[in-house]
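Undergrad: Take a look at the following structure, please.
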Amino acid sequence: MNTLSVLDAITSRSSKRKFLNKPVPKEIQEKILQTASMTPSGANMQPWIVYAVSNTKVLETIGNAIISHIDAGGEVDQFIQYYPLKWKNPYKLRRIKTGVGLYEQMQVDRKDKDKRKELWYDNYRWFGAQTVFFVCTDKSLIEGAQGALIDCGAYMQSLMLAAKALGIDSCPQGSTTEYGRIIAKTLDLPNNLALLYSVVLGYEDTSAIQNTYQPERVSLDEIVTFID
Ligand SMILES: Cc1cc2nc3c(=O)[nH]c(=O)nc-3n(C[C@H](O)[C@H](O)[C@H](O)COP(=O)(O)O)c2cc1C
């Protein structure tokens, strides 16, 4: 089987937000997980613990639990705070530009609150996909330390690149980070685990306009200082 080069996998991956109603075969999931397990981690601690869920009933139950919680006015219920509490520029502008770009692409009026909420809730419908990896770590690794979060971030990219190389599209989700405790309860996770994020995996719906959106990146001079 021909797979993509690493460079091609990195540059051709993009977040997909509408998937075909088709599960990722178990052997492909295992190949993705096996490949991603080679992600480096500090002291080789391999802090990632994964629940690979393709049971549509379970996915529906998790999604419903989160949506009911939000609809009832519930606050975020999380193990880690992903986004900054106070946004400053240039990050705030980048966030706004990316959001506006996606809504424009989908011809959604930013003032259309109902439509925006529907799009947000699509996260908890897994964008129509049937396979989601929920990535956790041991709470003891993130009590007063952040290294495991760095490792699990690298692991996220490994999952998505391995998937891409095997013809599987993905969407990383911090929208589940925010309701990590609800997911932990619904999945009845052991008490020592903290849910960090999820990655939706599947086959993109190529007719969906949102799947053609590729937000720009800033130029190297904005982020790199060469010291020769
Ligand atoms: C940690 C993390 C969390 C994210 N959470 C979400 C999410 O909850 N929902 C979503 O639609 N996209 C989410 N994204 C996708 C980002 O919006 C996307 O990566 C970014 O806009 C760049 O676009 P690209 O992935 O298509 O290159 C997340 C990305 C990362 C890395």
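Undergrad: Can you confirm whether the range 41-52 contains a residue that is on the phi > 0 side of the Ramachandran plot and either in a helix (DSSP H, G or I) or without any contact (Cβ under 8 Å) to a residue 40 or more places away in the chain (or both)?
TA: yes
Undergrad: Give me the residue from the range 64-86 that is of a type in the set (Phe, Trp, Tyr) and open to solvent by 70 Å² or more (accessible area, probe 1.4 Å) and, out of that set, nearest to the ligand (Cβ to nearest atom). Please lay out each step first, then the result.
TA: First, pick out the residues of the range 64-86 that are of a type in the set (Phe, Trp, Tyr): 79, 82-83.
This time we only want the ones that are open to solvent by 70 Å² or more (accessible area, probe 1.4 Å), so: 82-83.
Working: 82: 7, 83: 9 Å.
Ranking the qualifying residues of the range 64-86, first place goes to 82.
Undergrad: Return a yes/no flag: does the range 59-70 have any residue that is more than 20 Å from the chain's Cα centre (by Cα), modelled with pLDDT of 95 or more and among the charged types (D, E, K, R).
TA: no
Undergrad: For the range 80-111, what are the residues that are under 20 Å from residue 126 (Cβ atoms) and modelled with pLDDT of 95 or more?
TA: The one that is under 20 Å from residue 126 (Cβ atoms) and modelled with pLDDT of 95 or more: 82.
Undergrad: Another one. Within the range 90-106, count every residue that is away from the ligand (no atom under 12 Å from the Cβ) and under 16 Å from residue 219 (Cα atoms).
TA: So the answer is 3.
Undergrad: Can you tell me which residues in the range 77-97 are within 17 Å of the chain's Cα centre (by Cα) and hydrophobic (A, V, I, L, M, F, W, C)?
TA: 79, 80 - these are the residues of the range 77-97 that are within 17 Å of the chain's Cα centre (by Cα) and hydrophobic (A, V, I, L, M, F, W, C).
Undergrad: If I ask for residues that are away from the ligand (no atom under 12 Å from the Cβ), open to solvent by 50 Å² or more (accessible area, probe 1.4 Å) and within 17 Å of residue 54 (Cα to Cα), which ones from the range 1-40 would you list?
TA: Within the range 1-40, 20, 21, 22, 23, 26, 27, 30, 31 meet the criteria.
Undergrad: Which residue pairs have Cβ atoms under 7 Å apart, sit 6 or more places apart or on different chains, and have a first residue in the range 13-28 that is under 14 Å from residue 122 (Cα atoms) and a second that is open to solvent by 80 Å² or more (accessible area, probe 1.4 Å)?
TA: none
Undergrad: With respect to residue 123, is the statement that it is part of a helix (DSSP H, G or I) and surrounded by fewer than 21 Cβ atoms within 10 Å (Cβ to Cβ) true?
TA: Against the criterion (part of a helix (DSSP H, G or I) and surrounded by fewer than 21 Cβ atoms within 10 Å (Cβ to Cβ)), residue 123 does not qualify.
Undergrad: Can you tell me which of (1) out of contact with any Pro (no Cβ under 9 Å at 6 or more places or on another chain); (2) in contact (Cβ under 8 Å) with a residue 60 or more places away in the chain; (3) surrounded by 12 or more Cβ atoms within 10 Å (Cβ to Cβ) is the one residue 90 doesn't meet?
TA: The number of the failed condition is (3).
Undergrad: Applying the selection to the range 113-138, what residues are hydrophobic (A, V, I, L, M, F, W, C) and within 11 Å of the ligand (Cβ to nearest atom)?
TA: 119, 120, 126, 127, 135
Undergrad: Hey, which of the helices (runs of 4 or more DSSP H) in the range 139-228, taking only ones fully inside, have at least 1 residues that are open to solvent by 40 Å² or more (accessible area, probe 1.4 Å) and more than 15 Å from the ligand (Cβ to nearest atom)?
TA: 180-187, 220-223
The values are calculated or read from the model by the stated rules, or taken from the named source; none is laboratory data. Values in this document were obtained by computation on a predicted structure and should not be read as measured data. Counting neighbours? That spans all protein chains shown, and the Cβs are built from the backbone with ideal geometry, glycine included. Quick note on the areas: whole protein, heavy atoms, side chains included, nothing else; ligands and nucleic acids left out. Shrake-Rupley method; radii C 1.70, N 1.55, O 1.52, S 1.80 Å.
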